[in-house]
Amino acid sequence: MPGPGADSAPFAADGGPVGVLVLHGFTGSPRTVRPWAEHLAAAGLTVRAPLLAGHGAGWRELSATGWTDWLASAEQAFAEISAKCEQVFVAGISMGGCLAFRLAEIHGERVSGLAVVNPSLAGDNPLIPFTPVLKYVIRAIPSIGGDIKKPGAQEGALKKTPVASVATLPKMWKTTAAELASVTQPVLVYRSTIDHVVGPASMKVLTSALPGAQVRLLADSYHVATLDNDAPEIFDGTLAFVQKHSIERQNG
């Protein structure tokens, strides 16, 4: 099986004036979202899928980073694509979905819309609140990656998850959830009916703050749905969503 360094390079494609920033999840890499990004680029969109800080190497490298570092990586990529495009949409999976919402909160109308897959907005594991202490006792736990239903599909996520990095997630969730109701952009959400990584608490946070969000259920995929059986539905639906709302804005 390929290690975390395989295919983890950032993805970039320059197309037209409409851009999409695509963000991978915690312990993953652009490999998780590369087919998604490639599909959007093939339609003529300008696309960036950055490698977030600390990711793509090993758990020790990731352990030295936290959610503000990952947000800084997303901000840098957003600034780059915004300089090239008249409109920018943000897409993301899992933690990348949370970062997408945070970018929308920070930048307002500079983000034209959001497409997220199994976004992580809250913790379901009862041990997470104790990770600030546990990190001094247990440096890493087994990988959370690879939750894919499709036979043979591999995410190439880190083989271990650093507890120190997990300990920063609650602040990310709390910060994002506190301002989530301020998001006025169009929102498209894909949610797997069976997800072994992100539990129901995240969707409760999302739908409570944004009752108008468009939610589409994925019946044949687990957490990493962008590499799973329902991936074509996500890719086509995201493209249609971007095309619809970019046209609406141009005409408006």
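Evaluate the following for Ala153: is it in contact (Cβ under 8 Å) with a residue 24 or more places away in the chain, of a type in the set (A, V, I, L, M) and part of a loop (DSSP other than H, G, I, E, B)?
Taking the combined requirement at face value, the residue satisfies it.
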Output for the range 72-96, where each listed residue is open to solvent by less than 20 Å² (accessible area, probe 1.4 Å) and aliphatic (A, V, I, L, M): Ala74, Ala77, Ile81, Val88, Val90, Ala91, Ile93, Met95
Candidate set: the range 59-71, residues that are over 22 Å from Ala104 (Cβ atoms) and open to solvent by 20 Å² or more (accessible area, probe 1.4 Å); chosen: the one nearest to the chain's Cα centre (by Cα): Thr65
Where Thr32 falls short, out of the listed (1) more than 22 Å from Ser246 (Cα to Cα); (2) open to solvent by less than 20 Å² (accessible area, probe 1.4 Å); (3) out of contact with any Asp or Glu (no Cβ under 6 Å at 6 or more places or on another chain): (3)
From Val163, Val117, Val137, residue being buried (at least 22 other Cβ atoms within 10 Å of the Cβ), more than 25 Å from Val22 (Cα to Cα) and among the hydrophobic types (A, V, I, L, M, F, W, C): Val163
Residues of the range 7-49 satisfying the condition of being β-branched (Val, Ile, Thr) and either touching a residue at least 60 places away in the same chain (Cβ under 8 Å) or closer than 16 Å to Ala225 by Cβ (or both): Val18, Val20, Val22, Thr27, Thr32, Val33
Residue satisfying condition, being of a type in the set (A, V, I, L, M, F, W, C), without any contact (Cβ under 8 Å) to a residue 40 or more places away in the chain, more than 22 Å from Leu40 (Cα to Cα) and open to solvent by less than 30 Å² (accessible area, probe 1.4 Å), within set Leu210, Leu158, Leu206: Leu210
Single residue of Ser192, Ser182 found to be within 30 Å of Pro132 (Cβ to Cβ) and more than 18 Å from the chain's Cα centre (by Cα): Ser182
Some residue of the range 8-29 being assigned to a strand (DSSP E or B), open to solvent by 30 Å² or more (accessible area, probe 1.4 Å) and more than 24 Å from His223 (Cα to Cα): yes
Residue, nearest to the chain's Cα centre (by Cα), within the range 140-155, restricted to residues that are farther than 16 Å from Pro30 by Cα and open to solvent by 30 Å² or more (accessible area, probe 1.4 Å): Ile144
Top-ranked residue of the range 50-67 - restricted to ones that are in contact with a strand residue (DSSP E or B) (Cβ under 8 Å, 6 or more places away or on another chain) and free of Cβ contacts under 8 Å to residues at least 60 places away in the same chain, ranked as nearest to Asp14 (Cα to Cα): Pro50
Filtered residue count, the range 156-206, keeping only those that are modelled with pLDDT of 95 or more, assigned to a strand (DSSP E or B) and not β-branched (Val, Ile, Thr): 4
Residue match in the range 127-134 (condition: open to solvent by less than 20 Å² (accessible area, probe 1.4 Å), of a type outside the set (Lys, Arg), modelled with pLDDT under 95 and closer than 17 Å to Leu62 by Cβ): yes
Matching option when the condition is farther than 24 Å from Ser202 by Cβ and either surrounded by 19 or more Cβ atoms within 10 Å (Cβ to Cβ) or in contact with an Asp or Glu (Cβ under 8 Å, 6 or more places away or on another chain) (or both), among Arg110, Arg48: Arg48
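The values are calculated or read from the model by the stated rules, or taken from the named source; none is laboratory data. Every value quoted in this text rests on a predicted model; they were computed, and no experiment measured them. We place every Cβ from the backbone using ideal geometry, glycine too, and count neighbours over all the protein chains shown. The area values use the complete protein model at the heavy-atom level, side chains included, leaving out ligands, DNA and RNA. Shrake-Rupley method; radii C 1.70, N 1.55, O 1.52, S 1.80 Å.
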